[in-house]
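Trainee: Quick one: this structure, given as structure tokens, is what I'll be asking you about.
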Amino acid sequence: MATGKMLGILQVVILVIGGWGIYHFSADEPVEDGTKTVVDSNGVAYSFDETPTRVALTNTYAATVMKMLDVDLSVIVGASKDFQSNELWPELDGTDIVQNSAHSEIDFEALLDTRPELYIVFATNGMVDTEAIREKLNPVGIHVLALDFYKYDSLRYEIGVLATLFDREDNAQQLFEEFDRIEAEVNERIDLVSEEDRPTVVMEHHASLTRDPVVLTGTSQWTDLIELAGGKNVFSHLPGHTTHVDMEAILEENPDVLMFDGITFDLGFDSYDDRDKCTTHMQAISERPGFTEMQAVENDRMFVMAGEFAGPMMIYGLPTLAKQLQPSVFEDVDSDAYLDDFFTTYFNIDRKGTFLCFA
């Protein structure tokens, strides 16, 4: 035990003395020493003279954006087990593990051992105490950069932060042009849909079966995407990213469509819902008191979207969502092609797995 404590103290002393002098951080104002400054999604500024060469991160969203910007992933010196033995991340197989997952406790000793200059974390995820992480790591010279990459209205800004950080502004511009193209292709058709023909939608969180229903609200990325895809989130007026509602509230709205996020389902790349959890989930939803007469249940308009749709892939998934909400308008659109392009372009791999399941 004493040896472990001494090791920890020695590591901190080395980090403080070494300091990675070219990196500076401030929780209030941009530091003047650096030639460039970025501000993360918590409003914290980070000034730097050169692009970082030692980065730790634990969520695949940040790493995905780095791939989309063609950043050399060899700069990642610490990661979570989410990247281990994963076909999508061969570059990170064998990278030092500093956390089991993006939402688990940090192994601070393992993190210090990787000697990162920068640690990229979620900014507003309720399961990650970003401020507490800053308080522990900033004093030892590790700057904490908080970015989400799962909110539509801030996605481009956050991509821009990494683009500036890694000198990939041209790549970001090309990426945004691709985003614009996909949005325009969807919007061209949605513009022709009248307000009366836009289905009402309730988007439920995956935790809905364990307690009172939890719905995605106005500040969630799903509201923006639902509207872009030709639907109307009936709970968009409620505050917060997610919130509990009574069963009666959903029954009163009698939505045309019930959607569910698939983060905890066995969906996505190389996942196939082998245990048929989707069917079980939607059957349980339809058996709620009074739900058998709901429009969405009666018309079998319930579906679960894989967790990837809630991350940086969201714009490539927009045609998939639009085809579910406006099937007649997008009947001739190959929405899978957009998903295929995403994986072949940024991961150099063919897409496989189940990304969407229905009632």
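The values are calculated or read from the model by the stated rules, or taken from the named source; none is laboratory data. Since the structure is predicted, the reported quantities are computational estimates derived from the model, not experimental observations. Note: ideal-geometry Cβ built from the backbone for every residue, glycine included; neighbour counts use all protein chains shown.
Trainee: If you go through region 30-82, how many residues are closer than 14 Å to Phe122 by Cβ and of a type in the set (Asp, Glu)?
Mentor: Residues that pass the stated criteria total 2.
Trainee: Can you run down the residue pairs with Cβ atoms below 8 Å, 6 or more apart or on separate chains, where the first is in region 92-105 and assigned by TED's automatic domain parsing to the domain that holds Val128 and part of a loop (DSSP other than H, G, I, E, B) and the partner is exposed (fewer than 14 other Cβ atoms within 10 Å of the Cβ) and among the aromatic types (Phe, Trp, Tyr)?
Mentor: none
Trainee: If you don't mind, there's one more thing I want to ask. When you go through Leu238, Leu251, Leu258 one by one, which is the residue that is free of Cβ contacts under 8 Å to residues at least 24 places away in the same chain and either in contact with a His (Cβ under 9 Å, 6 or more places away or on another chain) or hydrophobic (A, V, I, L, M, F, W, C) (or both)?
Mentor: Selected residue: Leu238, the only one of Leu238, Leu251, Leu258 that is free of Cβ contacts under 8 Å to residues at least 24 places away in the same chain and either in contact with a His (Cβ under 9 Å, 6 or more places away or on another chain) or hydrophobic (A, V, I, L, M, F, W, C) (or both).
Trainee: Then there is this: Checking the condition surrounded by fewer than 22 Cβ atoms within 10 Å (Cβ to Cβ) and not β-branched (Val, Ile, Thr), which residue from Gly240, Gly230 passes?
Mentor: Gly240
Trainee: Let me ask another. Is it the case that region 288-304 has a residue that's in contact (Cβ under 8 Å) with a residue 12 or more places away in the chain, touching a Lys or Arg at 6+ places or on another chain (Cβ under 6 Å) and within 28 Å of Val329 (Cα to Cα)?
Mentor: no
Trainee: Another question, if that's okay. For Glu188, work out the one condition from (1) acidic (Asp, Glu); (2) touching a strand residue (DSSP E or B) at 6+ places or on another chain (Cβ under 7 Å); (3) part of a helix (DSSP H, G or I) it doesn't fulfil.
Mentor: Going through the list (1) acidic (Asp, Glu); (2) touching a strand residue (DSSP E or B) at 6+ places or on another chain (Cβ under 7 Å); (3) part of a helix (DSSP H, G or I), Glu188 breaks only (2).
Trainee: Another question, then. What do you reckon, is Ser85 of a type in the set (Gly, Ala, Ser) and either assigned by TED's automatic domain parsing to the domain that holds Phe269 or surrounded by fewer than 21 Cβ atoms within 10 Å (Cβ to Cβ) (or both)?
Mentor: yes
Trainee: Taking the conditions exactly as written (assigned to a strand (DSSP E or B), among the β-branched types (Val, Ile, Thr) and over 21 Å from Leu162 (Cα atoms)), does Ile120 satisfy them or not?
Mentor: Here the answer is no, as Ile120 does not meet what is asked.
Trainee: If you check Phe166, Phe149, Phe176, which single one turns out to be of a type outside the set (Asp, Glu) and at positive phi?
Mentor: When all the criteria are applied, what remains is Phe149.
Trainee: Can you find a residue in region 268-285 that is at positive phi and free of Cβ contacts under 8 Å to residues at least 60 places away in the same chain?
Mentor: yes
Trainee: Same structure, new question: Checking Glu308 against (1) in contact with a Gly (Cβ under 6 Å, 6 or more places away or on another chain); (2) surrounded by fewer than 17 Cβ atoms within 10 Å (Cβ to Cβ); (3) of a type outside the set (Val, Ile, Thr), only one condition comes out false. Which one?
Mentor: (2)
Trainee: Next question, about the same structure. For region 123-148, enumerate the residues that are in a loop (DSSP other than H, G, I, E, B) and over 24 Å from Ala163 (Cβ atoms).
Mentor: Those that are in a loop (DSSP other than H, G, I, E, B) and over 24 Å from Ala163 (Cβ atoms): Gly126, Met127, Asp129, Gly141.
Trainee: Yes or no: region 332-345 includes at least one residue that is in contact (Cβ under 8 Å) with a residue 40 or more places away in the chain and of a type in the set (S, T, N, Q).
Mentor: no
Trainee: Run down Asp167, Asp224, Asp148, Asp153 and say which single residue is buried (at least 20 other Cβ atoms within 10 Å of the Cβ), among the acidic types (Asp, Glu) and either in contact (Cβ under 8 Å) with a residue 12 or more places away in the chain or touching a strand residue (DSSP E or B) at 6+ places or on another chain (Cβ under 8 Å) (or both).
Mentor: Every option except Asp148 fails the conditions.
Trainee: Got a sec? Which of Ile159, Ile182, Ile142 is surrounded by 15 or more Cβ atoms within 10 Å (Cβ to Cβ), out of contact with any helix residue (DSSP H, G or I) (no Cβ under 6 Å at 6 or more places or on another chain) and among the hydrophobic types (A, V, I, L, M, F, W, C)?
Mentor: Ile142
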